[in-house]
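In what follows, a structure is listed as structure tokens, so that the remarks can point back to it.
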Amino acid sequence: MANDKIMKITVTRYRPEQDAEPFQQTFDVPYHNETSVLEALFYIKDHFEPSLSFRWSCRMAVCGSCGMMVNGVPHLACKTFLRDYEGKAMTIAPLENFPIERDLVVDISDLIEKIERIKPYIIPAAKDKNMPLTKEYRQTPQQMEAYRQFAQCINCGCCYAACPQYKINKDYIGPAALTLLYRYDIDNRDAGSAIRDEFLSSENGVWGCTFVGYCSEVCPKHVDPASAIQLGKVKSATNYVIKMFKPE
Amino acid sequence: MEKIQTDVAIVGAGGTGLRAAIAVAQTNPSLRIALISKVYPMRSHTVAAEGGAAGVIRDDDSLQKHFEDTVAGGDWLCEQDVVEYFVRHTTEELFQLEHWGCPWSRKPDGTVNVRRFGGMKVPRTWFAADKSGFHMLHTLYQTSVQFPSIRRFDEHFVLDLLVTDGECRGVVCYDLQNGVFRQINAKAVVLATGGAGRAYAFNTDGGIVTGDGIALAYRHGVRIRDMEFVQYHPTGLLGCGILMTEGCRGEGGVLYNKDHYRYLQDYGLGPETPVGHPKNKYMELGPRDRVSQAFWNESKKGRTIKYPLGEAVHLDLTHLGEKYLHERLPLICELAQTYSGVDPVKQPVPVRPVVHYTMGGIETDGRTETKMPGLLAGGECASVGIHGANRLGSNSLVETIVFGKTAGVSAAERAMSIKKDYDNAELTRQAEAAEKRALALFDVQGDESMSKIRTDMGESMEKGVGIYREETTMLETIEVLKQCKQRLKKVALTDRGRVFNTEWMNLIELGYTLDVAECMVHSAINRKESRGSHQRLDGPNGAYKERDDKKFLKHTIAVYNQETGLPDISLSDVKITTFKPAKRVYGAEAEAAEAARKAKEAK
């Protein structure tokens, strides 16, 4: 690695058992054209600070483990490259808006709880409940296209770190979970929209969003949660009208 | 230590573990399930599978054809009764996932579409664009949350199995988030921890694929089968090894050497098929072992392409056009652009073979039960017997759900047959002993580097048990691994914390991987023939270069020897029901062989 360039990288450290509060540590990391932020962290762990903790696994931007703040912006470490920061210093910090567990590891249990709360599964219509395992639901490519993009979320949490609403109100269901809710609502195999409406239309549902759109800007998989939430507002309004005319 | 009583403990929450958990919950909602994983379920490496899952659906296809492709693809080292069961249950499991919301790609009429895959006679690979594993895993995870009996232990790392009276009765694990140990007593334990690709330096696998479950079982004397069969996927991105799915070739992608020549025609896969007209079991749709071996031979002939990051061949998709590529292979386009700076719409992608899959694993019967009562295994960590000496692409994703379900049902039945919870002083003593051993690692003094040991292991495995193998280099690898294990005992931890101490966890993981690596190389050196992914160059007058059914139409069994600390190797019979071993052929040769067989049958 003789021709490698060097970048100064400042990393947030926090060890709950010994540090009263987070602090910063700076390292000189050699890099080449292909070096990702994740590989820079490997280098730091292997050569300077074996005690540095961070989550990672797939290295190919699909497992969602390595969301973190790079120069103040939520990114996947494995899909962010040092070459794009050439001539600048780099700071790496844990995802914002989540409690820090240790170093770059945050506590995402709130995100997980919200994803699981909104009933993210097919709730079949009564007629489909006993569909035999010898055939599929008919779903045309156009019907799939309606939700396809919203089914690409990897649960990395970057959108929650970007969301100004979640920052001030932790009860807000938030971008990823609302997108997932909408994804199932508009899947033609699903009949659970009325059941999920309690989450969709609640004050912490789609109406909690102030449409800043930063979630979509930072989403590493181009899921566009802001768009799902805006469409969710239309859905919520429609549900409301339907409920007016069709009381239970 | 906190103690939890459960009915079924499942270790691993990828495709197999989640499917097993759902099966237990559906078999009997009153059964308590502990689903334990060292990561959140959606981080499991199932997520990275791209191409798809095989299940017979077309009118011109049949279970018999899937069976024959699988057994021949495995070079006749498959358990044929298990393969029969497998092919019978694939399609219903794929429909089940469809009903749960998996977005399988469709035909214009709204029915499920299938694509071509290597070594498969008829297109039968269900796919969700090129994110099939991702969609399967998220569908299973999201579906699983509606079952209240599934209690998840996310980010819990398993340290040992609890075994009394020769039966597996629980596990002891470590809660990374809170830094505490937990003892989980169970009536049945299902291992679903995935493969061990991280034993090799260059692999497609996530950092978590360290062979944990295989090592846990192995250390308790459970039989580990066919570990010499390690799959090299022919098309990994140069440098990082990220997978370019076989679906690329299924959709019509072709491979060129430095002379822009489709070299696969020189390796029994021809004749050349026209570009843009892929033909099943020809050329680029040959099986993975053959295609990877062809690369090795091209390299020897000096016909690969030299890049700063190493030698490669070109995977050319440009003729497929932007619209089709973005529809069928969107992730491939994204990955090639991000990690290689290549746009597959415009340029060929430099690729080379890369370690991808562990064909062997914990020996089980067709119901996923090991020979240790109470211990079951499924998915990549298991050897249920469907892959033989070479797995066909798209058989493993569907294996996760077929045998995940089977494992769940088997475990549930066992749990229901045992009335009382297991809990006694001996189980507690074992759990405490495991805790003590784990904590003792903090007291180690020494100056060995964990990352150096990992690198030495990975490089030595590539060299000794790579695509082609010889005794001399395998002996070197055996020696390197032995030293690595000694050196591992002299790694001093700098991280003294308990919460999310990844240095400490990685050290234990590396110990697991080293044990699995030893199983691989000792199994390989004993197999003095060439079969599937295990190809040898040596033997008297090169005798090991050929398949030797007389001696080696057998499984390899590795059993841990407490005294030597090494595996004892033996052979066991292969179950052959209807499909007698024959020469394994592809391309035009296969068609000729089949015509001859049909003519003979007609007589």
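The values are calculated or read from the model by the stated rules, or taken from the named source; none is laboratory data. All values derive from a computational prediction rather than experimental measurement. Counting neighbours? That spans all protein chains shown, and the Cβs are built from the backbone with ideal geometry, glycine included.
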Looking at B:GLN265, B:GLN231, which is the one that is away from chain A (no Cβ under 14 Å), surrounded by fewer than 24 Cβ atoms within 10 Å (Cβ to Cβ) and not in a loop (DSSP other than H, G, I, E, B)? B:GLN265
Residues of the stretch A:124-150 being closer than 20 Å to B:PRO108 by Cβ and of a type in the set (A, V, I, L, M, F, W, C), which ones? A:MET144, A:ALA146
Residue tally, condition hydroxyl-bearing (Ser, Thr, Tyr) and either under 23 Å from B:TYR468 (Cβ atoms) or free of Cβ contacts under 8 Å to residues at least 12 places away in the same chain (or both), over the stretch B:271-291: 1
Please determine whether any residue of the stretch A:68-76 is away from chain B (no Cβ under 12 Å) and in a loop (DSSP other than H, G, I, E, B). yes
Kindly indicate whether A:GLY64 is on the phi > 0 side of the Ramachandran plot, at pLDDT 95 or above and assigned to a loop (DSSP other than H, G, I, E, B). yes
Give the residue that is surrounded by the most Cβ atoms within 10 Å (Cβ to Cβ), with candidates limited to residues of the stretch A:18-60 that are assigned to a strand (DSSP E or B), among the hydrophobic types (A, V, I, L, M, F, W, C) and without any contact (Cβ under 8 Å) to a residue 24 or more places away in the chain. A:PHE27
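Conditions (1) in a helix (DSSP H, G or I); (2) more than 30 Å from B:LEU335 (Cβ to Cβ), marked per residue:
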| position | (1), (2) |
| --- | --- |
| A:ALA146 | yes, no |
| A:CYS156 | no, no |
| A:PRO220 | no, no |
| A:ALA228 | yes, no |
| A:LEU231 | yes, no |
| A:VAL241 | yes, yes |
| A:MET244 | yes, yes |
Residue set B:ALA582, B:ALA593; condition surrounded by fewer than 14 Cβ atoms within 10 Å (Cβ to Cβ) and under 26 Å from B:TYR282 (Cα atoms); output residue B:ALA582
Of (1) at negative phi; (2) within 9 Å of chain A (Cβ to nearest Cβ); (3) of a type outside the set (A, V, I, L, M), B:GLY179 satisfies all except one. Which? (1)
Taking the stretch A:133-182 only, how many residues are buried (at least 21 other Cβ atoms within 10 Å of the Cβ) and β-branched (Val, Ile, Thr)? 3
Answer yes if at least one residue in the stretch B:67-74 is within 14 Å of chain A (Cβ to nearest Cβ) and surrounded by 24 or more Cβ atoms within 10 Å (Cβ to Cβ), and no otherwise. no
Starting from residues that are part of a loop (DSSP other than H, G, I, E, B) and in contact with a His (Cβ under 8 Å, 6 or more places away or on another chain), keep the ones in the stretch B:234-256 and report whichever is surrounded by the fewest Cβ atoms within 10 Å (Cβ to Cβ). B:GLY252
Please determine whether any residue of the stretch A:31-38 is within 30 Å of A:LEU200 (Cβ to Cβ) and within 10 Å of another protein chain (Cβ to nearest Cβ). no
Being under 13 Å from the mean Cα position of the chain (by Cα), assigned to a strand (DSSP E or B) and crowded, with 24+ Cβ neighbours inside 10 Å, is that true of even one residue in the stretch B:199-215? yes
Selection from the stretch B:93-121 of residues that are more than 7 Å from chain A (Cβ to nearest Cβ), hydrophobic (A, V, I, L, M, F, W, C), assigned to a loop (DSSP other than H, G, I, E, B) and over 11 Å from B:GLY250 (Cα atoms): B:CYS102, B:TRP104
Determine which member of the set A:LYS114, A:LYS79, A:LYS129, A:LYS135 is over 19 Å from A:GLY174 (Cβ atoms) and more than 8 Å from chain B (Cβ to nearest Cβ). A:LYS129
Quick check: anything in the stretch B:14-21 over 17 Å from the mean Cα position of the chain (by Cα), surrounded by fewer than 24 Cβ atoms within 10 Å (Cβ to Cβ) and either touching a residue at least 40 places away in the same chain (Cβ under 8 Å) or in a helix (DSSP H, G or I) (or both)? no
Check the stretch B:339-349 and report whether any residue there is of a type in the set (S, T, N, Q) and over 26 Å from A:ALA61 (Cβ atoms). no
Can you tell me which residue within the stretch A:168-225, out of those that are polar (S, T, N, Q) and in contact with a Pro (Cβ under 9 Å, 6 or more places away or on another chain), is modelled with the lowest pLDDT? A:THR210
Pick from B:VAL56, B:VAL71: which is in contact with a Ser or Thr (Cβ under 8 Å, 6 or more places away or on another chain), among the aliphatic types (A, V, I, L, M) and under 20 Å from B:GLU399 (Cβ atoms)? B:VAL56
Checking B:THR494, B:THR473 in turn, the sole residue that is assigned to a helix (DSSP H, G or I) and either without any contact (Cβ under 8 Å) to a residue 12 or more places away in the chain or of a type in the set (Gly, Ala, Ser) (or both) turns out to be B:THR473
With the requirement that a residue be assigned to a loop (DSSP other than H, G, I, E, B) and either over 30 Å from the mean Cα position of the chain (by Cα) or without any contact (Cβ under 8 Å) to a residue 24 or more places away in the chain (or both), what does the stretch A:126-137 give you? A:LYS129, A:ASN130, A:MET131, A:PRO132, A:LEU133, A:THR134, A:LYS135, A:GLU136
When you scan the stretch A:136-145, do you find a residue that is closer than 14 Å to A:GLY232 by Cα, touching an Asp or Glu at 6+ places or on another chain (Cβ under 9 Å) and of a type in the set (S, T, N, Q), even just one? no
Considering the stretch A:202-218 alone, what residues qualify as being in a helix (DSSP H, G or I) and of a type in the set (Val, Ile, Thr)? A:VAL206, A:VAL218
Evaluate the following for B:VAL56: is it in contact with a His (Cβ under 8 Å, 6 or more places away or on another chain), aliphatic (A, V, I, L, M) and either within 13 Å of another protein chain (Cβ to nearest Cβ) or in a strand (DSSP E or B) (or both)? yes
Restricting the stretch B:129-159 to residues that are on the phi < 0 side of the Ramachandran plot and of a type in the set (Asp, Glu), the residue that is nearest to the other protein chains (Cβ to nearest Cβ): B:ASP154
Limited to the stretch A:98-107, what total is found for residues that are surrounded by 22 or more Cβ atoms within 10 Å (Cβ to Cβ) and more than 8 Å from chain B (Cβ to nearest Cβ)? 2
If we scan the stretch B:54-73, do we find a residue that is among the aliphatic types (A, V, I, L, M) and closer than 30 Å to B:GLY374 by Cβ? no
Output the residues belonging to the stretch B:303-347 that are in contact (Cβ under 8 Å) with a residue 12 or more places away in the chain and on the phi > 0 side of the Ramachandran plot. B:GLY310, B:GLY321
